[in-house]
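What follows is one structure encoded as structure tokens, with my remarks underneath.
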Amino acid sequence: MNATGQSAVFGRRKEPHTVIIARGNEIRHFTIRPWLAAFIGSALAAIAIGYLMATSYLVLRDDLIGATTARQARMQQAYEDRISALRAQVDRITSRQLLDQQLMETKVSELLERQSQLSQRHGRLGPLLERAESEVGAAPAEDPAAVAKPDKRAEVTGSIQVPARNYAVASLSADLGAGDTRPFSLWSTRSDPLPNDSAADRADKLFVSINQSLKSIESDQLTRISTLADNAYKSADAITQALEAAGLPVDSDFGKGDSDVGGPLIPLDSSMMFDSKVKELDEALDALDHLKKEARQLPLTNPAPGHSVTSPFGVRTDPILGTAALHSGMDFRAPIGMAAKVTAPGTVTKAGWNGGYGRMVEVDHGNGFATRYGHLSEIDVTVGEKLDAGAVIGKTGSSGRSTGPHLHYEVRHNGEAIDPLRFLTVGRKVAQYL
């Protein structure tokens, strides 16, 4: 065995460190083993690292806190910016919806005002159109556009369907759908604005449709008024031409067809156009009514309709003497006892026996016109009695200078006999207008 304590297996063994402390006469020593040295070194290293870390934390703490605070501030600012942007978007949507709603209310108000105007026009047109229908009667419209339109809703004469005052709002709600009865939602939870835009588009289309419908009704009213006025003028012209062609007096001045006119061009709005057309129709109806009254005062009807003429007006061979003589009237074949009717309204001036006329009735129609009915078998009126057209004045017969039962009919103007055939011809032409 080696005396120096060397190991045969592991070689030379390290001796542990010995620390000797001498103080005066005192000497102390202790042995530091390797594991203890390693432990002490590790502890010292840990303490140094901890100290360094604590020192670093204390040094860098303000920077870390500032960085954290800045990051939180940036996050808060980002959230506030996002909230501001969302609020601005909500305000824009709200403002747009409010403007759209105000626009809709304005349009609805305009539509209701136009409907009210149409209702007032219809109230004005009612009596006027009834008068026009009764005055114009069966006069042809001669309006291809009116004939081509079978839509009875557009007819103006007594059948105008004026929309109800809540028509626009009701139609708008119906068109927007049952599930979206509000025009616009101010606090919609949907961020997509397309549904509101779609509702606004549908509302605009509906407004356009209603506006076109109202314009169509206004146009139909004006068209119908113009047509009736034209028909009234045509009827009046036809009556005037027939009377003038027969040489009968007529007093009418329609003021239509005058070419000597002029003046500056001033555009008319719809209300002025309507008033102008209504005035024109009223003037045409007044002129036609005046002319009809004049024509109805003339003896234009047949005193014995359906009965043949046995002797016309003019020179003929006298049936009793056989010589040429003037026949001052027309003879109608009629059996004894047939009702004799006056051909126009007037006043009885003669009613009794009158020489060769036999029993005769004379009726004054005014303006110098009078009619005579001779050879009656019976007289049913008295002098001074006022008669309407078609009133029975007596019964036919063969009294006086007559060869058989018939009705002698005369037309006189200022006492002068006129051929009754002229009046009967005019009567047939203007009968449809009277």
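The values are calculated or read from the model by the stated rules, or taken from the named source; none is laboratory data. Worth saying up front: this structure is predicted, and the values here are computed from it rather than measured. Cβ atoms come from the backbone with ideal geometry, glycine included; neighbour counts cover every protein chain shown.
Do the conditions hold for A138, that is, is it modelled with pLDDT under 50 and among the small types (G, A, S)?
Spelling it out, A138 is indeed modelled with pLDDT under 50 and among the small types (G, A, S).
Yes or no: the range 31-51 includes at least one residue that is of a type outside the set (D, E, K, R) and part of a strand (DSSP E or B).
Checking the range 31-51: at least one residue is of a type outside the set (D, E, K, R) and part of a strand (DSSP E or B).
Hey, any hits in the range 318-334 for a residue that's charged (D, E, K, R), over 60 Å from the mean Cα position of the chain (by Cα) and assigned to a loop (DSSP other than H, G, I, E, B)?
Yes, some residue in the range 318-334 is charged (D, E, K, R), over 60 Å from the mean Cα position of the chain (by Cα) and assigned to a loop (DSSP other than H, G, I, E, B).
Please specify each residue of the range 335-355 satisfying the condition of being assigned to a loop (DSSP other than H, G, I, E, B) and under 60 Å from the mean Cα position of the chain (by Cα).
M338, V342, T343, A344, P345
Counting only residues that are of a type in the set (S, T, N, Q) and assigned to a loop (DSSP other than H, G, I, E, B), how many does the range 289-317 have?
4
For residues that are within 49 Å of the chain's Cα centre (by Cα) and assigned to a helix (DSSP H, G or I), scanning just the range 380-434, find the one that is surrounded by the fewest Cβ atoms within 10 Å (Cβ to Cβ).
Residue satisfying both the conditions and the ranking: R428.
In a helix (DSSP H, G or I), at pLDDT below 75 and surrounded by 11 or more Cβ atoms within 10 Å (Cβ to Cβ): is that true of L111 in this structure?
So L111 fails the test.
If you check every pair at least six apart or on different chains, which have Cβ atoms under 8 Å apart with a residue in the range 343-358 that is touching a residue at least 24 places away in the same chain (Cβ under 8 Å) and closer than 21 Å to G390 by Cα first and a residue that is among the polar types (S, T, N, Q) and part of a strand (DSSP E or B) second?
T343/T371; A344/T371; G346/T371
Given the condition assigned by TED's automatic domain parsing to the domain that holds L326, out of contact with any Ser or Thr (no Cβ under 6 Å at 6 or more places or on another chain), more than 23 Å from A238 (Cα to Cα) and among the polar types (S, T, N, Q), answer yes or no: does some residue in the range 422-432 qualify?
No: zero hits.
Listed residues A334, A325, A340, A370; which is over 18 Å from T310 (Cβ atoms) and among the small types (G, A, S)?
So the residue among A334, A325, A340, A370 that is over 18 Å from T310 (Cβ atoms) and among the small types (G, A, S) is A370.
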